Amino acid sequence: MASLISACTTPSGLPGRGTGTSPSSVPGADKGYRLEAARHLYARNASRIYPGKLPPMLYAIGVLQVDIDRNGRVQRLHWIRAPRHAPEVVAEIERTVRSAAPYPVPHGLARVSYTDTWLWDESGRFQLDTLSEGQN
């Protein structure tokens, strides 16, 4: 299920002509940047990553779109699927994403939007679907 949810992606932008604020679609940019961003988040939160395969029942699953500007700063967070039963998880994911800035610079792009699925265990540890080790 997490793989299906993570398939929701948003096209990324190229620097626009003229002002540099109007993005164009770049096929595949979301997927490549998503991997960079996931590795960045894991490096910043090493003690919070769930080791090994996740248990069969997770406390929360959320799908979050993150917009990053040309300097690696978070510009916007947009929940595609928020774990409404766990508002504390929503708040903690948002705090985690914002505190990990600056992100890797999206080379050649004015901004990039990427989407990842957060797999949250009841212990408060997590994996991102992009780097998940699967579930039991």
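The values are calculated or read from the model by the stated rules, or taken from the named source; none is laboratory data. Note that the structure is predicted; figures quoted are calculated from it, not measured. Backbone-built Cβ (ideal geometry, glycine too); neighbour counts: all protein chains shown. Calculation scope for accessible area: heavy atoms of the full protein, side chains included, ligands and nucleic acids excluded. Shrake-Rupley method; radii C 1.70, N 1.55, O 1.52, S 1.80 Å.
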What accessible area per residue comes out for the stretch 64-136, rounded to a whole number of Å², with a 1.4 Å probe?
47
Quick one: length gained pulling N136 to V105 fully straight, 0.36 nm per residue minus the C-alpha distance?
7.7 nm
Placing unit charges on C-beta atoms (Lys and Arg positive, Asp and Glu negative, everything else neutral), compute the dipole magnitude of the stretch 75-135 about its Cα centre in debye, rounded to 20.
360
Fully extended, how many nm does the chain gain between R98 and N71 (0.36 nm per residue separation, minus their Cα-Cα distance)?
8.3 nm
Along the stretch 119-136, what does the Karplus equation 6.51 cos²θ - 1.76 cosθ + 1.60 (θ = phi - 60°) give for ³J(HN,Hα), rounded to whole Hz, x for Gly and Pro?
10, 10, 8, 5, 6, x, 8, 9, 9, 9, 4, 4, 10, 5, 8, x, 10, 6
Packing-wise, with mean Cβ within 10 Å as the measure, how do 64-70, 122-128 rank, highest first?
64-70, 122-128
Spacing of the two label points (7 Å from each Cα toward its C-beta) at R44 and M57, in nm
3.3
So, in Å, what gap is there between the alpha-carbon centers of the stretch 81-136 and the stretch 55-78?
4
